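Data first, discussion second: the structure below is written as structure tokens.
Each reported figure results from applying straightforward, stated rules to the coordinates on display, with no laboratory input. Bear in mind that the values here come from a model prediction, so they are computed numbers and not experimental data. Ideal geometry is used to build each Cβ from the backbone, glycine not excepted, and the neighbour counts take in all protein chains shown.
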Amino acid sequence: MRRRIFVFITVFQSLLFLIHLLLYETWTYSAPTHERPWIAWTLGVLSVSFVAASLLAWRYSNAFVGAFYKVAAVWVGVLTFLTFAAVLSWIMLWMARLAGFTLDFHLIVEVVSGIAALIGLYAVLNASWTRITRVRVQLANLPASWRGHKIALISDLHLGPVRNGSFLRRMVAMLMKHSPDAVFIAGDLYDGTAIDAARAATPLSALSAPHGVYFAAGNHEQFRDDTKYLSAVAAAGVRVLNDEKVEVDGLQIAGISYRTSTQSGNLAAALDKLELDRNRPSILLTHAPDHPAVAEAAGISLQLSGHTHLGQFIPWTWFARRVYRQFVYGLSRIGGLQVYTSSGAGTWGPPLRLGSNPEIVLLQLE
């Protein structure tokens, strides 16, 4: 495991070096000579900032590490747009030369990079603007006690160095404002970095709903031992569904942890063990929409998931759509199963959103 982590960090850091080298060559190609040293030093420091901040965040939780990580995370997100700007600048230069035109390359770089930076700034602001998404869902044989009721889905808050207890308090306040009849938290409440899990989860104690509040662990809770996370969530008054089922007024509610759901065979076995009644409606709370066909075969009526972030920001949104296809976001269907995949309320890594929006989902059952 440590070897794989070391290899990943080495490859990722090498990629960051190459990208920053591209920016240096682009920004200094026709820049005045006196500007080049400070550009080199600045890009050199920024090229190692995110990996360094991430390693610190895994071990320490304090104001300095939090601030350092936020700056580094924002930079590595904006870096995506600046990289496209650099490539576009070179393409424009080569096309102009082929056409016999002379362009002020330095001016082109400044303009295109400026636009990229503004796009990055918008993406940062957009990531902090949580929307309420409303959806109607029809379930066969829905008990009268659930008809017309609202259930809330929230996922992927990623409490850690970027977002903390104050963010969770704001999300809880938004949820309670709409008085949901049940609340489902679909994993990745935590980011998996160093954190006082119990203190961070305290705002959940203000979360209540007539039919209950439920949580299923995501991959970020289960990078290592998930005990401290699950204990913290349970201590805040939330029902943790760890590969188990509860019945509430005739509706079956099942929760499968991420670790169990990654393999289709394990997921099928876990659902089979729950002995679900196929003649009654059921809701499956599981972090990722990885194996909807398995849930459909088990007779699940509605699956609630997150995990994808809808790619968070361009161009990763395109890759997310390629991987998860119809289940990447929103309400979709496979056979008798409906799946709602949320884009999540928080962010992982770069706190940017472009091509996706942070959300809390309110589903009205009919």
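Treat the count of other C-beta atoms within 10 Å as a stand-in for reagent exposure and order Arg353, Arg169 from fewest to most.
In increasing order of surrounding Cβ atoms, one gets Arg169, Arg353.
Suppose we look only past 15 Å in the calculated P(r) of the range 46-116. What percent of the Cα-Cα pairs does that tail hold?
Numbers: 1542 of 2485 pairs.
Taking all Cα-Cα pairs of the range 46-116, the fraction more than 15 Å apart is 62 percent.
From the square roots a ≥ b ≥ c of the eigenvalues of the alpha-carbon gyration tensor of the range 273-360, which class results: rounded (a/c under 1.5), prolate (a/b over b/c), or oblate?
It comes out prolate by the Cα gyration axes.
Between Gly250, Gly192, Gly218, where does the largest GNM mean-square fluctuation fall for the chain, given springs only between Cα atoms within less than 10 Å?
Gly250
Assuming R0 = 56 Å, what is the FRET efficiency of Leu88 and Asn141, from their Cβ-Cβ distance, to the nearest 0.05?
0.50
Among Val328, Val246, Val213, which one shows the highest mean-square fluctuation when the chain is modelled as a Gaussian network with alpha-carbon springs under 10 Å?
Of the options given, Val246 has the highest mean-square fluctuation.
Restricting the calculation to Cα positions, tell me the Rg (one decimal) and the Dmax (whole number) of the range 2-127 in Å.
Calculated on Cα positions, Rg and Dmax stand at 16.8, 56 Å.
Taking the highest mean first, how do the peptides 140-153, 72-85 order by number of other beta carbon atoms within 10 angstrom per residue?
Numbers: 140-153: 16.3, 72-85: 20.8.
With the highest mean Cβ count within 10 Å placed first, the list reads 72-85, 140-153.
Could you give log10 I(q)/I(0) at q = 0.11, 0.13, 0.14, 0.16 Å⁻¹ for the range 219-366, computed by the Debye formula over C-alpha point scatterers of equal weight, without solvent?
For the range 219-366, the Cα-only Debye profile gives -0.43, -0.61, -0.71, -0.93.
Calculate the FRET efficiency for Ala293 and Lys177 from the Cβ-Cβ distance with a Förster distance of 30 Å, rounded to the nearest 0.05.
0.25
Sort Thr130, Thr286, Thr193 so that the residue with the fewest other Cβ atoms within 10 Å of its own Cβ comes first and the one with the most comes last.
So the ranking, lowest neighbour count to highest, is Thr130, Thr193, Thr286.
Hey, if you drop one equal point scatterer on each alpha-carbon of the chain and run the Debye formula without solvent, what base-10 log of I(q)/I(0) do you get at q = 0.12, 0.14, 0.15 Å⁻¹?
Here log10 of I(q) over I(0) equals -0.90, -1.13, -1.26.
In the range 97-137, whose amide N lies under 19 Å from the spot 7 Å out along Cα-to-Cβ of Ile39? List them in ranges.
103-118
Taking each pair of different alpha-carbon atoms in the range 3-77 once, compute 1/r for the pair, average those values, and report the inverse of that mean as the Kirkwood hydrodynamic radius in Å to one decimal.
13.6 Å
Counting only pairs 8 or more places apart or on different chains, how many lysine pairs in the chain have C-alpha atoms closer than 29 Å?
On the way: Lys70/Lys228; Lys150/Lys177; Lys150/Lys245; Lys150/Lys273; Lys177/Lys245; Lys228/Lys245; Lys228/Lys273; Lys245/Lys273.
Lysine pairs, 8 or more places apart or on different chains, close enough: 8.
Restricting attention to the range 87-144, which chymotrypsin sites (Phe, Trp or Tyr not before Pro) occupy a DSSP loop and are surrounded by at most 10 other Cβ atoms within 10 Å?
Phe101, Trp129
Please tell me the relative contact order of the chain in percent, rounded to the nearest whole number, where contacts are Cα pairs under 8 Å and at least six residues apart.
19 percent.
State the antiparallel share, in %, of DSSP beta bridges confined to the range 131-365, rounding to the nearest 5. Intermediate values should be presented prior to the final figure.
Numbers: 14 of 45 bridges.
Just about 30 percent of them are antiparallel.
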